[in-house]
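**Student:** Please see the structure below; I have some questions.
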Amino acid sequence: MTENSLLERATRFVCALRHCQVLGITVHDASNTGMTLLLPYGPAIVGDPETGIIHGGALTSLMDTACGIATLCVLPEFEVCPTLDLRIDYMHPAAPRQPVYGFAQCYRVTADVIFTRGFAYQDNPQQPIAHVVGTFMRMGKLLKGAQGLSATLDGEQA
Amino acid sequence: MTHRFQTRLDQAHARGDYAALLELIPYANLIGIECTREGDELLFRLPANKDNIGNPILPALHGGVIAGFMELSAALHLLVSTGAPSLPKIIDFSLDYLRAGQFRDTYATCQVWRQGRRVANVSVTAWQSTAAEPIATARAHFKIEEPCAP
């Protein structure tokens, strides 16, 4: 798949997810090696009102989405891939009033599951604010809802 | 911790009503988390809200919202059950998704399995229809503030 069409498909995927729209998440970069999403800073996602630091839940939404969309990089055709599990290690708090980038890639694909990993960072990818691993279940193309989502990704009216 | 936060925390403890405390946390308002106390048990509720949907076709709650709900529940549970002086800081968070989160109210309860001097281990169970059929289970480690030396 060309990187351009991968970016378009990833963008349509994010646009179809209501909560991602609420958080303002966009696709920053898409390539065959992984996806990078962007979570803008906003007062609504603050978890600690004293410091203005965003809540881990917003970060988890960013990384769950990034890992889930990274499956587009390795699957020949769209499949619904629900999250089996997710683990996040918080290296240090996100700096307030700055966006967060979430990078994710797939490092193993089997007939049933996809193993993903990634990290969230702000200024410097070498100093992540969180590391993530997530496992996704492959449900195939024929699952209820898969065809509608697939059409959405291809830019058709769902 | 600000005086306002401490005051609302004390009031919440006394009344068993945590709405005023949650109001101070913007992310709690964004997803719409609620907390009630039944006896000594804290029950967290996430009312069905279109803004929390991920998969639009099923429709199902976004996995990140379920995670955020559970992480916030764990932090609040720890805050309330230990009488900690401030919101605990998350160290790591691990969750297993067991069933799709339907577009309906979600509930969570927490259990502190171990509270050391500096770190606490909390498990969280989230369900919709019945507690016996959880949609997700999670556990988290939090850094807790050591009480000031006398």
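**Student:** Mind counting the residues in segment A:12-32 that are free of Cβ contacts under 8 Å to residues at least 60 places away in the same chain and assigned to a helix (DSSP H, G or I)?
**Tutor:** The qualifying residues number 8.
**Student:** Output the residues belonging to segment A:49-96 that are hydroxyl-bearing (Ser, Thr, Tyr) and within 14 Å of the chain's Cα centre (by Cα). Walk me through how you get there before you give the answer.
**Tutor:** Residues of segment A:49-96 hydroxyl-bearing (Ser, Thr, Tyr): A:51, A:60-61, A:65, A:71, A:83, A:90.
Once the filter is applied, which keeps residues that are hydroxyl-bearing (Ser, Thr, Tyr) and within 14 Å of the chain's Cα centre (by Cα), segment A:49-96 yields A:THR60, A:SER61, A:THR65, A:THR71, A:THR83.
**Student:** Do we find a residue being free of Cβ contacts under 8 Å to residues at least 40 places away in the same chain and either polar (S, T, N, Q) or in a strand (DSSP E or B) (or both) anywhere in segment B:59-75?
**Tutor:** No, every residue in segment B:59-75 fails to be free of Cβ contacts under 8 Å to residues at least 40 places away in the same chain and either polar (S, T, N, Q) or in a strand (DSSP E or B) (or both).
**Student:** Further question on the same structure: Taking the conditions exactly as written (over 14 Å from the mean Cα position of the chain (by Cα) and in contact (Cβ under 8 Å) with a residue 12 or more places away in the chain), does B:LEU42 satisfy them or not?
**Tutor:** Values: over 14 Å from the mean Cα position of the chain (by Cα): no; in contact (Cβ under 8 Å) with a residue 12 or more places away in the chain: yes.
Here the answer is no, as B:LEU42 does not meet what is asked.
**Student:** State all residues of segment A:93-116 that are within 14 Å of chain B (Cβ to nearest Cβ) and basic (Lys, Arg); if no residue qualifies, say none.
**Tutor:** A:ARG97, the sole residue that qualifies.
**Student:** Within segment A:33-57, can you find the residues that are more than 7 Å from every other protein chain (Cβ to nearest Cβ), part of a strand (DSSP E or B) and surrounded by fewer than 24 Cβ atoms within 10 Å (Cβ to Cβ)?
**Tutor:** Residues of segment A:33-57 that are more than 7 Å from every other protein chain (Cβ to nearest Cβ), as a first pass: A:33-42, A:51-54.
The next check asks that each one be part of a strand (DSSP E or B); those that pass are A:34-39, A:53-54.
If the condition is that a residue be more than 7 Å from every other protein chain (Cβ to nearest Cβ), part of a strand (DSSP E or B) and surrounded by fewer than 24 Cβ atoms within 10 Å (Cβ to Cβ), then A:GLY34, A:THR36, A:LEU38, A:ILE53 are the ones that fit.
**Student:** Do we have A:THR60 as in contact (Cβ under 8 Å) with a residue 12 or more places away in the chain and either part of a helix (DSSP H, G or I) or more than 30 Å from B:PHE5 (Cβ to Cβ) (or both) here? Before the answer, list the steps.
**Tutor:** Numbers: in contact (Cβ under 8 Å) with a residue 12 or more places away in the chain: yes; either part of a helix (DSSP H, G or I) or more than 30 Å from B:PHE5 (Cβ to Cβ) (or both): yes.
It is true that A:THR60 is in contact (Cβ under 8 Å) with a residue 12 or more places away in the chain and either part of a helix (DSSP H, G or I) or more than 30 Å from B:PHE5 (Cβ to Cβ) (or both).
**Student:** Restricting to segment A:14-32, what's the tally of residues that are at the interface with another protein chain (Cβ under 10 Å from one of its Cβ atoms) and not hydrophobic (A, V, I, L, M, F, W, C)?
**Tutor:** Of the residues in segment A:14-32, 3 are at the interface with another protein chain (Cβ under 10 Å from one of its Cβ atoms) and not hydrophobic (A, V, I, L, M, F, W, C).
**Student:** Considering only segment B:24-39, state which residues are in contact (Cβ under 8 Å) with a residue 12 or more places away in the chain and over 24 Å from B:ALA136 (Cβ atoms).
**Tutor:** Within segment B:24-39, just B:LEU24 meets the criteria.
**Student:** Then there's this: Could you tell me whether B:SER81 is in a helix (DSSP H, G or I), out of contact with any Lys or Arg (no Cβ under 7 Å at 6 or more places or on another chain), within 13 Å of chain A (Cβ to nearest Cβ) and among the polar types (S, T, N, Q)?
**Tutor:** Working: in a helix (DSSP H, G or I): yes; out of contact with any Lys or Arg (no Cβ under 7 Å at 6 or more places or on another chain): yes; within 13 Å of chain A (Cβ to nearest Cβ): no; among the polar types (S, T, N, Q): yes.
For B:SER81, the condition - in a helix (DSSP H, G or I), out of contact with any Lys or Arg (no Cβ under 7 Å at 6 or more places or on another chain), within 13 Å of chain A (Cβ to nearest Cβ) and among the polar types (S, T, N, Q) - is not met.
**Student:** Restricting to segment A:73-92, name every residue that is among the hydrophobic types (A, V, I, L, M, F, W, C) and either surrounded by 18 or more Cβ atoms within 10 Å (Cβ to Cβ) or facing another protein chain (nearest Cβ under 8 Å) (or both).
**Tutor:** Residues of segment A:73-92 that are among the hydrophobic types (A, V, I, L, M, F, W, C), as a first pass: A:73-75, A:78, A:80-81, A:84, A:86, A:88, A:91.
Matches in segment A:73-92: A:CYS73, A:PHE78, A:VAL80, A:CYS81, A:LEU84, A:LEU86, A:ILE88.
**Student:** Report, by residue number, each residue of segment A:84-120 that is over 25 Å from B:ILE91 (Cα atoms), assigned to a strand (DSSP E or B) and touching a residue at least 24 places away in the same chain (Cβ under 8 Å). Reasoning before the result, please.
**Tutor:** Keep residues of segment A:84-120 that are over 25 Å from B:ILE91 (Cα atoms), which gives A:108-114.
Those left that are additionally assigned to a strand (DSSP E or B): A:108-109, A:113-114.
Listed by number, the residues that qualify are A:VAL109, A:VAL113, A:ILE114.
**Student:** For segment B:1-31: of the residues being part of a helix (DSSP H, G or I) and of a type in the set (Val, Ile, Thr), which is modelled with the lowest pLDDT? Talk me through it step by step, then tell me what you get.
**Tutor:** From segment B:1-31, those part of a helix (DSSP H, G or I) are B:3-15, B:19-22, B:26-31; that's our starting set.
Restricting the remaining residues to those that are of a type in the set (Val, Ile, Thr) gives B:7, B:31.
Working: B:THR7: 81, B:ILE31: 96.
If we take residues in segment B:1-31 being part of a helix (DSSP H, G or I) and of a type in the set (Val, Ile, Thr), then B:THR7 is modelled with the lowest pLDDT.
**Student:** Any idea which residue in segment A:63-83 is farthest from A:ASP29 (Cα to Cα), counting only those that are β-branched (Val, Ile, Thr) and outside any strand (DSSP E or B)? Steps first, answer last, please.
**Tutor:** Going through segment A:63-83, the residues β-branched (Val, Ile, Thr) turn out to be A:65, A:69, A:71, A:74, A:80, A:83.
Adding the requirement that they be outside any strand (DSSP E or B) leaves A:65, A:69, A:71, A:74, A:80.
Numbers: A:THR65: 14, A:ILE69: 12, A:THR71: 14, A:VAL74: 16, A:VAL80: 21 Å.
It comes out as A:VAL80.
**Student:** So which of B:THR137, B:THR106 is out of contact with any Lys or Arg (no Cβ under 9 Å at 6 or more places or on another chain) and under 29 Å from A:CYS81 (Cβ atoms)?
**Tutor:** Numbers: B:THR106 fails: out of contact with any Lys or Arg (no Cβ under 9 Å at 6 or more places or on another chain).
Sole residue among the options that is out of contact with any Lys or Arg (no Cβ under 9 Å at 6 or more places or on another chain) and under 29 Å from A:CYS81 (Cβ atoms): B:THR137.
**Student:** Another question about this same structure. Could you check segment B:99-150 and list, in sequence order, the residues that are touching a Ser or Thr at 6+ places or on another chain (Cβ under 9 Å), within 16 Å of B:MET70 (Cβ to Cβ) and not in a strand (DSSP E or B)?
**Tutor:** B:GLN128, B:ALA131, listed by residue number.
**Student:** Every residue in segment B:34-73 that is surrounded by fewer than 17 Cβ atoms within 10 Å (Cβ to Cβ), farther than 21 Å from A:LEU62 by Cβ and not β-branched (Val, Ile, Thr), please.
**Tutor:** Within segment B:34-73, B:GLU34, B:ARG37, B:GLU38, B:GLY39, B:ASP40, B:GLU41, B:LEU43, B:ARG45, B:PRO47, B:ALA48 qualify.
The values are calculated or read from the model by the stated rules, or taken from the named source; none is laboratory data. Computed from a predicted model, the values in this text were never measured in an experiment. Cβ coordinates were reconstructed from backbone atoms using ideal geometry, including for glycine residues, and neighbour counts include every protein chain displayed.
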